[in-house]
Every structure is written in structure tokens, then in C-alpha cells.
Amino acid sequence: MELSSPIDLLTMFAILANTITVLNTIIYIYSIYKGKTKPHTFTWFNWTILSAITAYAQFSVNGGLSTWIFAFSALTMFLVTIISLFKGVKKIAKSDWFAFLIALTIIPIWYTTKNPVLALVLIMVIDIFSYFPTVRKSWIKPFSEPASVYFLAVLNSALTVVSIAEPTLSNTFYPAFVVLLDLGFMLMLLIRRTELEKYKLAA
């Protein structure tokens, strides 16, 4: 059936993005249950806050259906955060605490700033520091995170960008940045796994 308007296409993208979020969450939680994945609470806690605030921000600037994508993502991230308290990383490095506290300190500054350019810079810095604990532990143990989940996360963020009803720099830049961040992390996992496999074969 032919889509009757651009709004129908945006709705389709939003539904697909939320479907991917559900699938991603199921895969991730199942991987945790099987003992293959060890989520880092610091990363998921900050991601929950960021997604919740971003959903509110998207709503404020008429982000359209992408608002609900971020809101739904915040709910699923909160679920993973709770699970990570029991099944996640137990050995917290000092650098993890440093990155976590830096991100938490910047979040209220980002939320209250009236400068849109500064807000974009701050949210990128927050996300990088929030990602750090997971990147650090995954560099050492690249099989402790499922690469497929981050591939789906890339698709999710890409769909979020194209589902924005009235795209502007302020409401598209961050999800586009997340695409690059998740893609980079996924590639790091695959490269590190290959390196470790080569090391095992050479040993």
C-alpha cells in the first residue's frame, strides 16, 4: 500500500526504531542472563538520564515521533541499569568513578544552558565520559559486550534522525553523534576480538 503522506513514513520509522529497541533490550538482557554480558552500571545510569532529558528536550522543540523513541529508550535503559546492579561489573576502577562523576557534574550544566552550541558540545562530552567505563572494561574483555546490540543501536539512532518531523541542528546533531559513537564502539569490539584470537593462535 502506498504511503499517503510524509507523516506516514515518519511514523513507520518511529515504529521500526522502537521495535529495534525492544529487540535490542531482549538480546542484551538474555546475554546478561546467560552470563556472557556484564553491563557497567555507571554507563547505563547516565544513558538513562541522558535519554530521559533528551526526550523532554525533543518534546520542547517539537521533535515529533523521535520524542517517543528517546522516551522508550530511557525506559529500557533504566531496566538494564537495575539489572546491572545485580548482574553487572563488580570491580569498579578509579577511572570509572572519575568519568562517572565528571559526566554527572556536567549534566545539570548542559540541561540549564541557554546556548545551543554549548549544549551540543556538553552532551557529547557527557556521552563520551558516560561511555568510558564500558569502553575500558570492553577493551580488556571485548566479549563482555554483544557487538550485535550496538549494530542495532546504530540503526536505531539513524532511524531516530530520519523520524524527526522538523529537523534542525539542535534536534538532529546528538542522535547523529550517537550513531558514530556506537559504530566506533562496535568496531572496537570486533577489532579487539580479532586481536585476542590471533594472540591465542600465536601462543
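Only the coordinates and a few stated rules stand behind these numbers; no lab work does. Note that the structure is predicted; figures quoted are calculated from it, not measured. Positions of Cβ are backbone-derived with ideal geometry, glycine not excepted, and every protein chain shown enters the neighbour counts.
Which links in LYS34/LYS91; LYS38/LYS114; LYS36/LYS114; LYS91/LYS198; LYS91/LYS114 stretch past 31 Å when you go from one Cα to the other? Table pairs above 31 Å Cα-Cα are LYS38/LYS114; LYS36/LYS114; LYS91/LYS114. This ranking places THR134, THR19 by how few other beta-carbon atoms lie within 10 Å of each, fewest first, which gives THR19, THR134. Rounded to the nearest 10 degrees, the angle from helix 116-140 to the longest Cα principal axis of the chain is 30 degrees. Estimated from helical segments only, the mean residue ellipticity of the chain at 222 nm is -28500 deg cm²/dmol, where each DSSP H run of four or more residues counts as -39500 (n - 2.57). Note on region 137-203: with charges restricted to the Cβ of Lys and Arg (+1) and Asp and Glu (-1), its dipole about the Cα centre is near 400 debye.
Note on LEU23 and THR168: the extension gain reaches 49.3 nm, defined as 0.36 nm multiplied by sequence separation minus the Cα-Cα distance. Dividing the radius of gyration of the alpha carbons in the chain by their Kirkwood radius gives 0.99 for Rg/Rh. At a Förster distance of 22 Å, what's the computed FRET efficiency of VAL117 paired with TYR56, Cβ-Cβ distance as r, to 0.05? For VAL117 and TYR56, the calculated efficiency is 0.65. Listed by Cβ neighbour count within 10 Å, with the fewest neighbours leading, TRP44, TRP68 appear as TRP68, TRP44. On C-alpha positions alone, give me the angle between the axis of helix 94-112 and the longest principal axis of the chain, in degrees, nearest 10. Computed tilt is about 10 degrees.
Computed from the C-beta positions of TYR33 and SER95 and an R0 of 35 Å, the FRET efficiency is 0.80 to the nearest 0.05. When peptides 101-113, 76-88 are ranked by their average number of other Cβ atoms within 10 Å per residue, the highest-first order is 76-88, 101-113. The long axis of helix 65-87 is offset from the longest Cα principal axis of the chain by roughly 20 degrees. Mean-square fluctuations from a GNM of the chain, with a 10 angstrom spring cutoff on Cα atoms, peak among LYS38, LYS114, LYS141 at LYS114.
From the alpha carbon centroid of region 88-117 to that of region 72-86 is 17 Å.
Computed from point charges on the beta carbon alone (+1 for Lys and Arg, -1 for Asp and Glu), the dipole magnitude for region 6-202 about its Cα centre is near 1020 Debye.
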